[in-house]
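Student: Sharing a structure below in structure tokens format, with a few things to ask.
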Amino acid sequence: MSGLNPDLVKNSANVAIDFTETEFEAIASPLVIHALEESPPSLPLSFDCYGTLIQWEQGLHSALTPISSRLPSNTPEAENPVLLLQRFDTLSAKLQVAEPELRYNINLSRSFVTLASELKVSVSDEEVEKFGTLPGTWPPFPDTNAGLEILKKHYKLIILSNIDADNIAGSVKQFSPVEFDGVYIAQEIGSYKPSHRNFEYLFKHAKEELGVDREKGDLLHVARSLTADHVPSKELGLRSVWISRGGETKEGEGVGGDYERLKGDVGFEWRFDTIGDFAKEVDRQFREKSG
């Protein structure tokens with residue numbers, strides 16, 4: 001394994017941050033990439049799926065229309081749609097802790113009903129049933145597929161997601177022609193991130209199925225959510241990359257967690273705006289190494 005040259009990265013047009021001018025300098029360290037010494041590549045990247053690869057917040061905003069469209073205009077959640085997303089996310093997260101074996105599509109539908117009830121909005125049985133099936137229909141970010149194609153040249157790819165089997169089946173089809181080497185989901189694990197159990201499942205199965213020993217550093221976790229992914233990654237000593245998608249600012253916080261509040265609890269080694277930016281920089285460094 002070899003480290004990225006920080007000076008090369010700092011001067012690259014593809015890099016999301018100039019660490020000499022931001023507070024991220026204090027928490028950044030060289031991102032580790034695997035030398036092109038074996039074929040196929042042996043170092044895997046594990047990804048959160050929804051919010052990192054798939055347009056989660058955009059999809060959720062649209063899915064909550066049966067509630068948002070029926071709110072009085074002076075309701076805080078009507079005036080600021082992010083509040084509605086965050087309120088829903090809080091309900092879903094609480095249910096994940098209370099009933100960790102509940103399939104995510106059911107978690108979604110029940111959280112949808114609870115949110116509607118709290119806001120005194122009526123929703124139909126059809127709307128409730130449909131809500132839990134929607135994540136599998138939401139599209140990838142515009143940069144995702146091209147980025148995955150680049151990364152697939154260099155790494156094995158794994159998904160670790162708080163999702164159910166039906167929804168993930170719909171989502172992975174949208175990453176075609178890229179195929180993931182492992183897909184590990186909450187439904188089969190019996191718990192949800194940020195539970196350490198989910199990451200331990202990743203470590204165990206990546207070792208058994210892909211020959212990956214994370215104790216040797218042969219695993220890098222790539223994710224958007226601070227609360228679900230980067231906090232437990234630091235707790236477990238798992239190296240990580242933050243795909244911030246605007247979350248480094250208060251205005252772009254969304255449902256991934258408040259960076260200002262959580263920055264002492266996370267330890268990601270690099271930040272990129274998008275998967276596309278991350279992939280371009282990785283590819284640039286591989287080409288430079290081989291050239």
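Laboratory data are not the source of any read-out in this text; all were calculated from the coordinates shown. All values derive from a computational prediction rather than experimental measurement. Virtual Cβ from ideal backbone geometry, glycine too; neighbours counted across all protein chains shown.
Student: Out of the GluC sites (Glu not before Pro) in segment 119-223, which ones are loop residues according to DSSP with at most 14 other C-beta atoms within 10 Å?
Tutor: Passing sites in segment 119-223 are 179.
Student: Mind scanning 153/289; 193/216; 156/289 and naming the pairs with a C-alpha gap bigger than 21 Å? Show your work: numbers first, answer last.
Tutor: Details: 153/289 15 Å; 193/216 23 Å; 156/289 19 Å.
Those over the limit are 193/216.
Student: Please list the radius of gyration and Dmax for segment 156-291, considering alpha-carbon atoms only, with Å as the unit.
Tutor: Just the Cα atoms of segment 156-291 yield Rg and Dmax of 15.3, 46 Å.
Student: Under Stokes-Einstein, with the Kirkwood radius over Cα pairs standing in for Rh, what whole-number D in µm²/s applies to segment 56-137 at 10 °C and 1.306 mPa s? Spell out each step's value before the answer.
Tutor: Numbers: Rh = 12.8 Å.
Approximately 124 µm²/s, per Stokes-Einstein.
Student: In segment 129-175, which trypsin sites (Lys or Arg not before Pro) fall in coil by DSSP and have 14 or fewer other Cβ atoms within 10 Å?
Tutor: Within segment 129-175, the qualifying trypsin sites (Lys or Arg not before Pro) (loop, at most 14 other Cβ atoms within 10 Å) are 153.
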